[in-house]
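> Take this structure first; my questions come after.
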Amino acid sequence: MLNGPLSLPARLCLLGWDTDPGRLAPLVRSGALAELARRGLLTDDDGIVTPLDLDSRTGDPVLDGLLELVSESLPHRWRPWVTLHARHTLDAVREQMVAEGILRAEKHRVLGVFPSVEHVLADTARADALHREARSILAGSVPAESVPEPTATALSLAAAAGLPPEPDDDSARDRRAEALTRRAGASAPAFDAILRELRAGLADASPVPSLTRGR
């Protein structure tokens with residue numbers, strides 16, 4: 001399921017759906033950064049996030065928006081980019097997921113005056129399936145070497161943010177996350193180093209979980 005048509009940022013959005021936006025935005029941003037790094041469109045230049053080509057585009061508005069933001073911003077390392085303007089990436093992912101029917105945007109007014117939009121999970125079956133598979137893999141149901149690299153990338157990042165909130169054995173979870181991180185970067189040592197920086201950025205950014213349904 002984690003290797004389905006969902007993009008990496010969208011998968012992480014669903015895995016972290018029950019967390020507050022302040023915690024969700026860095027997770028989704030880390031997914032977009034990881035995807036661009038996997039494709040070779042963002043590279044590491046002595047620790048600095050660097051576009052490979054200022055004219056490169058993916059055709060995905062979420063990824064292309066982030067590429068443009070990185071290109072037009074001052075140079076930063078990977079960890080700051082996990083949180084820097086991360087809400088822009090979250091908003092773009094949610095718009096994409098509304099267009100795909102995964103989320104539903106419900107308009108209402110705050111205090112009866114100010115227009116606002118609440119995003120509601122429409123495809124609960126897909127979200128539930130993603131959570132079941134994530135818990136199963138993180139619990140060690142299959143060897144890490146058998147997990148597809150994109151799936152390992154998603155779960156490595158999710159685990160760094162403390163998601164999903166099971167199993168209870170933190171030491172076992174940490175060992176499993178490390179195995180998945182190695183698996184995600186097995187074919188590209190440069191990506192392994194980037195992924196570890198993104199995980200560190202998520203660990204720094206993740207506040208105490210706050211469960212909220214819809215955003």
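> Of the residues Leu103, Leu130, only one is in contact (Cβ under 8 Å) with a residue 40 or more places away in the chain and either within 30 Å of Ala193 (Cα to Cα) or touching a helix residue (DSSP H, G or I) at 6+ places or on another chain (Cβ under 7 Å) (or both); which?
Leu130
> Quick one: Thr181 ticks every box in (1) more than 22 Å from Leu24 (Cα to Cα); (2) assigned to a helix (DSSP H, G or I) except a single one, so which number is it?
Single failed check for Thr181: (1).
> Could you tell me whether the stretch 58-66 includes any residue that is within 22 Å of Thr181 (Cβ to Cβ), modelled with pLDDT of 95 or more and not aliphatic (A, V, I, L, M)?
Taking every residue of the stretch 58-66 in turn, none turns out to be within 22 Å of Thr181 (Cβ to Cβ), modelled with pLDDT of 95 or more and not aliphatic (A, V, I, L, M).
> Hey, can you tell me all the residues within the stretch 1-13 that are modelled with pLDDT of 95 or more and aliphatic (A, V, I, L, M)?
If the condition is that a residue be modelled with pLDDT of 95 or more and aliphatic (A, V, I, L, M), then Leu8, Ala10, Leu12 are the ones that fit.
> Also, I was wondering about something else. Restricting attention to the stretch 23-43, and to residues there that are closer than 12 Å to Ala190 by Cα and not in a loop (DSSP other than H, G, I, E, B), which single residue is most open to solvent (accessible area, probe 1.4 Å)?
Arg38
> Of the residues Ala200, Ala190, which is modelled with pLDDT of 90 or more, surrounded by fewer than 13 Cβ atoms within 10 Å (Cβ to Cβ) and under 29 Å from Thr50 (Cβ atoms)?
Result of the check over Ala200, Ala190: Ala190.
> In the stretch 64-80, what residues are in contact (Cβ under 8 Å) with a residue 12 or more places away in the chain and either out of contact with any helix residue (DSSP H, G or I) (no Cβ under 6 Å at 6 or more places or on another chain) or over 24 Å from Ala203 (Cβ atoms) (or both)?
Gly65, Leu67, Leu69, Val70, Ser71, Pro75, His76, Arg77, Pro80
> Being exposed (fewer than 14 other Cβ atoms within 10 Å of the Cβ) and assigned to a helix (DSSP H, G or I): is that true of Arg175 here?
Against the criterion (exposed (fewer than 14 other Cβ atoms within 10 Å of the Cβ) and assigned to a helix (DSSP H, G or I)), Arg175 qualifies.
> Hey, another quick one. If we scan the stretch 104-120, do we find a residue that is modelled with pLDDT of 95 or more, over 16 Å from the mean Cα position of the chain (by Cα) and not β-branched (Val, Ile, Thr)?
No.
The values are calculated or read from the model by the stated rules, or taken from the named source; none is laboratory data. Because the structure is predicted, anything quoted here is derived from the model rather than measured. Neighbour counts are summed over all protein chains in view; Cβ atoms, including those assigned to glycine, are modelled from backbone coordinates with ideal geometry. We work out accessible area using only protein heavy atoms, side chains counted, and drop any ligands, DNA or RNA first. Shrake-Rupley method; radii C 1.70, N 1.55, O 1.52, S 1.80 Å.
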